[in-house]
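Visitor: Pasting in a structure now, in structure tokens, and then I'll have a few things to ask.
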Amino acid sequence: MEAREQYIGVDFGNYGVLTVGRTFDTLNNVIAATDIFEDFGVVGQFASDDRRAGVVKYIWEGYGLTAGASYQSAKDNAYVGGAIGNDRELDDTVNVESGFSALLGYTSPVVGFGPISAKTAYAYLKGQDDQKGALSNGIDNVKDFAASLSWGADTGLYLAALYNQRTISYLSDNNVTGIYDVSYKGIEAVVAYYFENGLSVATGWEYMRSKAEDTDGVDAQFINRKIPVFVNYDFNNNFRVWAEAQFDAGSDRQVNYNGAIFANSDFEANSDSTLFSVGARYTF
């Protein structure tokens with residue numbers, strides 16, 4: 001079984017942290033602001049599972065500032081959420097030639113019930129274009145932008161909002177019939193309260209718009225709107241239990257383009273259902 005992250009690193013203290021291996025790029029530092037749910041979150045963010053091998057990342061923090069950068073080396077079958085292929089086994093993967101990301105943020109001293117943090121990041125991936133794009137799933141490049149604002153910490157009230165945009169451009173001789181561009185726009189807002197006894201509750205609003213343009217300039221669009229509700233209890237630092245629900249808030253029932261163009265993407269065409277889950281975790 002492959003671990004979620006596999007990397008080595010060096011902590012230089014006041015001079016930052018360097019990590020190398022299979023991990024996230026710096027965009028993850030931004031989108032983490034609203035990634036507080038267990039099972040039904042991250043509807044409006046697209047890099048939450050983008051752990052890739054060949055990443056070199058440096059993060060520095062001091063005087064309230066956060067700055068970072070990462071480099072992505074060449075990697076076959078690298079995970080990129082939302083990448084659409086004509087083969088189900090190739091969906092969400094890209095053969096990457098290279099890439100980079102950059103991060104900048106600021107966290108204030110405590111204001112009211114907690115610190116205020118604002119972060120933004122940009123990421124870029126270049127697909128391999130040999131063999132007329134066949135090795136990169138037909139993808140020319142992937143561009144990401146994210147900005148988040150949060151207020152609070154892990155005790156008391158916590159508020160956060162996120163804007164995330166991902167654009168995937170395909171080669172003109174791509175192997176995904178008819179697709180030219182795919183764009184994703186996401187907005188998330190969460191509110192949570194962390195009690196001193198280990199109990200926490202959270203809810204929010206999540207929005208995702210997926211849009212594709214074919215070679216004839218015809219657009220296909222799908223919108224997802226969700227409300228998650230989350231209750232968690234930490235018995236101690238090692239053991240926790242939770243219950244969670246996701247309610248639809250007016251999502252599209254089907255894709256408005258022959259009902260098929262997003263069939264293998266990160267969402268279901270019939271998405272107006274209510275979902276429930278319970279879980280427990282013990283960390284050794």
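The values are calculated or read from the model by the stated rules, or taken from the named source; none is laboratory data. Keep in mind that what you see is a predicted model, and the values were worked out from it rather than measured. Neighbour counts run over all protein chains shown; Cβ positions are idealised from the backbone, glycine included. All accessible areas refer to the heavy atoms of the entire protein, side chains included, with ligands and DNA or RNA removed. Shrake-Rupley method; radii C 1.70, N 1.55, O 1.52, S 1.80 Å.
Visitor: If you take the beta carbon distance between residue 197 and residue 282 as r and set R0 to 22 Å, what does 1/(1 + (r/R0)^6) give as a FRET efficiency, to the nearest 0.05?
Guide: That gives a FRET efficiency of 0.70.
Visitor: Tell me, what does the Kirkwood hydrodynamic radius of the stretch 1-117 come to in angstroms if you use every pair of distinct C-alpha atoms?
Guide: Mean inverse Cα-Cα distance, inverted, gives 15.8 Å.
Visitor: Next question, about the same structure. Enumerate the lysines that residue 143 could reach by cross-link, defined here as Cα to Cα under 24 Å, with residues fewer than 8 away along the same chain left out.
Guide: Within the straight-line limit of under 24 Å, residue 143 reaches these lysines: 57, 75, 119, 126, 132, 185, 211.
Visitor: Which residues among the stretch 65-82 fall inside the zone where the amide N is under 20 Å from a point 7 Å beyond the Cα of residue 116, along Cα→Cβ?
Guide: Label zone hits: 65-67.
Visitor: Within the stretch 26-115, what whole-number % of the accessible surface is contributed by carbon and sulfur, with the 1.4 Å probe and all protein chains included in the calculation?
Guide: That share works out to 55 percent.
Visitor: Still on this structure, please answer the following. Any idea of residue 48's accessible area? Nearest 10 Å², probe 1.4 Å.
Guide: Surface accessible to solvent at residue 48 totals approximately 20 Å².
Visitor: Would you kindly find the accessible area of residue 281, with a 1.4 Å probe and non-protein molecules such as ligands, DNA and RNA excluded, rounding to the nearest 10 Å²?
Guide: Only protein atoms counted, so the area is about 90 Å².
Visitor: Moving to a separate point now. Could you tell me the calculated FRET efficiency between residue 235 and residue 5, based on Cβ-Cβ distance and R0 = 22 angstrom, to the nearest 0.05?
Guide: 0.30
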